[in-house]
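Data first, discussion second: the structure below is written as structure tokens.
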Amino acid sequence: MKNEISGIETIKEDEEHIYLRAGAGENWHRFVMYCVDKGYAGIENLSLIPGNVGASPMQNIGAYGVEIKDVFYELEAFHIKDGELRKFSRDDCAFGYRESVFKNKYRGQFVITRVTYRLSKQPKFNTSYGAIQQELDKMGIQSLTIKAISQAVINIRTSKLPDPKEIGNAGSFFKNPQVKKQELNRLQETFTNIPFYEVDEQHVKIPAGWLIEQCGWKGYRKGDAGCYPKQALVLVNYGSATGEEIYELSEKIMNSVRERFNIILEREVNII
Ligand SMILES: Cc1cc2nc3c(=O)[nH]c(=O)nc-3n(C[C@H](O)[C@H](O)[C@H](O)COP(=O)(O)OP(=O)(O)OC[C@H]3O[C@@H](n4cnc5c(N)ncnc54)[C@H](O)[C@@H]3O)c2cc1C
């Protein structure tokens, strides 16, 4: 069944925020562009993520320091068994890193029909993550706007991620592992240049792409299954690799990361 529920409506607004309800079948990037054009801030860092609005809460989509939970207000979902429409607040969704209640406890039980986001009329720019600032400098941006951030994200993403229309892929195949700071200190003794992002006072996240690259997988190809040469976090299907071949490759990558760093990678993708 293909969800084609469309439409973007304003539910309410005040001086600071606007609440937009979008049909689950709206294309995510088009929705981001709609908000950027109108000056509604909060999801500009999530530009160019493939897929639809209805899938955005499923795994709490995120990129460049922003997650959907930061702007999520509520959603409406159809319970397949009971045939009832239910509302879910932010708490009900139990968002986590690439997780929600729909990926876990309610897996396969609901069809998300509409999602309401709370966007800011006064932008709080988030340029701290990844190469955004570098790209903005390259673009010669003097005064920051959400349009500029969106364009910077689009530029970065198009330069390093494969277009699924050309090369089969599901984006990031693995989650960035979260480790305790003591564990990071242990790793730093051997790997002095290990990159990391602080999560809280006790934990950091280590880019899975870096770990995979260190194990020599970047650009690897066997048959039609491979590890993308420009971004090791993305596994690609160059044509006729089977699901099994991609899965096997992911197992091999996970094993070598475990052996070298004693870190267990978790898959971000759903295995069907
Ligand atoms: C090149 C590339 C880059 C990517 N980059 C990112 C990224 O930066 N950050 C990120 O978080 N993700 C990223 N992804 C993953 C993907 O874009 C997101 O997971 C996106 O939300 C998938 O949307 P979709 O509509 O294609 O959902 P699908 O892939 O079709 O579905 C994903 C899951 O959600 C369920 N689902 C979809 N719609 C609904 C609905 N309306 N109701 C109930 N269940 C539903 C499906 O059953 C399935 O289990 C990337 C993918 C690619 C290919």
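Restricting the first residue to segment 43-72 and requiring it to be among the basic types (Lys, Arg), which pairs with a second residue that is open to solvent by 30 Å² or more (accessible area, probe 1.4 Å) and more than 8 Å from the ligand (Cβ to nearest atom) meet a Cβ separation below 6 Å and a spacing of at least six or different chains? These pairs meet every condition: Lys69/Phe95.
Of everything listed in (1) surrounded by fewer than 17 Cβ atoms within 10 Å (Cβ to Cβ); (2) in contact with a helix residue (DSSP H, G or I) (Cβ under 9 Å, 6 or more places away or on another chain); (3) within 18 Å of Arg21 (Cα to Cα), the single unmet condition for Arg114 is (1). Restricting segment 147-182 to residues that are surrounded by 14 or more Cβ atoms within 10 Å (Cβ to Cβ) and of a type in the set (Lys, Arg) leaves a set whose member that is nearest to the chain's Cα centre (by Cα) is Lys175. Among the residues of segment 134-146 satisfying the criterion of being loosely packed, with under 15 Cβ neighbours inside 10 Å and either touching a residue at least 24 places away in the same chain (Cβ under 8 Å) or within 28 Å of Gln231 (Cβ to Cβ) (or both), which is farthest from the ligand (Cβ to nearest atom)? So, considering only residues that are loosely packed, with under 15 Cβ neighbours inside 10 Å and either touching a residue at least 24 places away in the same chain (Cβ under 8 Å) or within 28 Å of Gln231 (Cβ to Cβ) (or both), the one farthest from the ligand (Cβ to nearest atom) is Gly140.
When Arg21, Arg86 are checked against the criterion of being of a type outside the set (A, V, I, L, M, F, W, C), surrounded by 17 or more Cβ atoms within 10 Å (Cβ to Cβ) and part of a strand (DSSP E or B), a single residue qualifies: Arg21. Being out of contact with any strand residue (DSSP E or B) (no Cβ under 6 Å at 6 or more places or on another chain), open to solvent by less than 10 Å² (accessible area, probe 1.4 Å), under 30 Å from Thr145 (Cβ atoms) and aliphatic (A, V, I, L, M) is a description that applies to Ile68.
A Cβ distance below 7 Å, combined with a sequence gap of six or more or placement on separate chains, defines the contacts here; from segment 98-122, residues that are on the phi > 0 side of the Ramachandran plot reach residues that are assigned to a loop (DSSP other than H, G, I, E, B) and surrounded by fewer than 19 Cβ atoms within 10 Å (Cβ to Cβ) in the pairs Arg98/Lys175; Arg98/Glu268. Checking each residue in segment 118-133 for being within 14 Å of the ligand (Cβ to nearest atom) and part of a strand (DSSP E or B) picks out no residue at all. For segment 157-214, the set of residues classified as in contact (Cβ under 8 Å) with a residue 60 or more places away in the chain, in a helix (DSSP H, G or I) and within 16 Å of the ligand (Cβ to nearest atom) consists of Arg157, Thr158, Ser159, Lys160, listed by residue number. Looking across segment 117-130, just one residue is within 18 Å of the chain's Cα centre (by Cα) and under 18 Å from Arg21 (Cβ atoms), and that is Tyr117. In segment 233-272, of all residues being of a type in the set (A, V, I, L, M, F, W, C) and open to solvent by 70 Å² or more (accessible area, probe 1.4 Å), the one that is farthest from the ligand (Cβ to nearest atom) corresponds to Ile264. Glu266 meets the stated requirement of being of a type in the set (Asp, Glu), at negative phi and in contact (Cβ under 8 Å) with a residue 24 or more places away in the chain. Can you find even one residue in segment 65-86 that is in contact with an Asp or Glu (Cβ under 8 Å, 6 or more places away or on another chain) and charged (D, E, K, R)? Yes, that holds for at least one residue.
Name the residues in segment 225-244 that are in contact with a strand residue (DSSP E or B) (Cβ under 9 Å, 6 or more places away or on another chain), assigned to a loop (DSSP other than H, G, I, E, B) and under 17 Å from Val269 (Cβ atoms), would you? Selection gives Tyr228, Gln231, Leu233, Ala241, Thr242. Considering segment 38-67, and only residues there that are near the ligand (Cβ under 6 Å from one of its atoms) and touching a Leu at 6+ places or on another chain (Cβ under 9 Å), the residue that is farthest from Thr113 (Cα to Cα) turns out to be Ala63.
The values are calculated or read from the model by the stated rules, or taken from the named source; none is laboratory data. These numbers come from a predicted model, not from an experiment. All Cβ positions, even for glycine, are placed from backbone atoms using ideal geometry, and neighbour counts span all protein chains on display. All accessible areas refer to the heavy atoms of the entire protein, side chains included, with ligands and DNA or RNA removed. Shrake-Rupley method; radii C 1.70, N 1.55, O 1.52, S 1.80 Å.
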